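The values are calculated or read from the model by the stated rules, or taken from the named source; none is laboratory data. Every value quoted in this text rests on a predicted model; they were computed, and no experiment measured them. Methodologically, a virtual Cβ is constructed for each residue, glycine included, from the backbone with ideal geometry; neighbour enumeration extends over all protein chains shown. Calculation scope for accessible area: heavy atoms of the full protein, side chains included, ligands and nucleic acids excluded. Shrake-Rupley method; radii C 1.70, N 1.55, O 1.52, S 1.80 Å.
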Amino acid sequence: MTWWSDTEWEALTSAEQCGMCADAHLEVNEHSALITTTATSHIRLARNQHHAGYCLVILREHVTDMADLPPDQLARFWSDVQHAARAIGQVFQPKKVDYLVMGHRMPHLHCHLLPQHATDDPLRNVNIADGPTYLPSETFDASVAALQQALLEPVRKPSHHMKEISHPEGPDTTSAPS
C-alpha cells in the first residue's frame, strides 16, 4: 500500500470525521477510559494494558501535527504529557516511559505513553499493538482511580530507582474489554 490518496487523507484529517474528537472526552470508549481533562488535553488509560500503565494524552483541539501549534499550546501539551508520565511512574513504577507521537492512521495530535517494565526487552522496539492484555474490570477501574489520585497530588521529584509492581489479580489476556 502507498500513502493515503488525497481524498482519503482529507477525510482522515477532517475534524467532523475524527474518532478522537468524537470520543476522547467520554468517560469510557472502546479503547480507553478518561483519567482527567485539562485545559489542553484529555489523559486516558488504554484498555490494552500489555504495558501496565499505558496511557494516551490527546489534544482537545483537532490539530493533526504538533508543528501547527503555537509554542504556548505546545508547551501546555507537553506539560500534560509530563504530568501523566509522573502519575504513571508513581502508580506503576516502570523502569522508563517511552513516548510515541505518530498520527498517520489517526491524524489528531496525541502521545502514547508506554511504560517499560523490568520484564520488557529493552532492545525490542516499542509496539502499541502488543497484547492485547485486558484486565478484569475491577483492576482496570482501580488503575484509573489510582492515576486520578496521582494526578491530584503535588509534583514529586521523580525517582531513578523505581520498583516493578504488578496488578494484584494479574492480567487477563483472553477476555475482551468490558
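Please pick out the residue among Thr13, Thr7 that is hydroxyl-bearing (Ser, Thr, Tyr) and touching a Ser or Thr at 6+ places or on another chain (Cβ under 6 Å). When all the criteria are applied, what remains is Thr13.
Condition first: surrounded by fewer than 16 Cβ atoms within 10 Å (Cβ to Cβ), under 16 Å from the mean Cα position of the chain (by Cα), at pLDDT 95 or above and under 25 Å from Thr38 (Cα atoms). Can you find one or more residues in the stretch 140-153 that meet it? Checked against the condition, which is being surrounded by fewer than 16 Cβ atoms within 10 Å (Cβ to Cβ), under 16 Å from the mean Cα position of the chain (by Cα), at pLDDT 95 or above and under 25 Å from Thr38 (Cα atoms), the stretch 140-153 yields at least one hit.
Within the stretch 116-123, none of the residues are touching a Ser or Thr at 6+ places or on another chain (Cβ under 8 Å) and at pLDDT 95 or above.
Annotation: of all residues in the stretch 77-127 being over 11 Å from the mean Cα position of the chain (by Cα) and of a type in the set (Ser, Thr, Tyr), the one that is nearest to Gln148 (Cα to Cα) is Ser79. If Gln73 meets every condition in (1) more than 27 Å from Ala118 (Cα to Cα); (2) surrounded by 19 or more Cβ atoms within 10 Å (Cβ to Cβ); (3) in contact with a strand residue (DSSP E or B) (Cβ under 9 Å, 6 or more places away or on another chain); (4) of a type in the set (S, T, N, Q) apart from one, which number is that one? Condition not satisfied by Gln73: (2). Checking each residue in the stretch 24-40 for being more than 14 Å from the chain's Cα centre (by Cα) and without any contact (Cβ under 8 Å) to a residue 24 or more places away in the chain picks out Leu26, Glu27.
Within the stretch 1-23, take every residue that is of a type in the set (S, T, N, Q), free of Cβ contacts under 8 Å to residues at least 24 places away in the same chain and open to solvent by less than 70 Å² (accessible area, probe 1.4 Å) and give me the one that is farthest from Pro115 (Cα to Cα).
Out of the qualifying residues, it is Ser5.
The set of residues in the stretch 29-50 being open to solvent by less than 10 Å² (accessible area, probe 1.4 Å) and farther than 22 Å from Glu153 by Cα consists of Ser32, Gln49.
With the structure loaded, tell me whether Val57 is in contact with a helix residue (DSSP H, G or I) (Cβ under 9 Å, 6 or more places away or on another chain) and over 22 Å from Asn127 (Cα atoms) or whether it fails that test. Spelling it out, it is not the case that Val57 is in contact with a helix residue (DSSP H, G or I) (Cβ under 9 Å, 6 or more places away or on another chain) and over 22 Å from Asn127 (Cα atoms).
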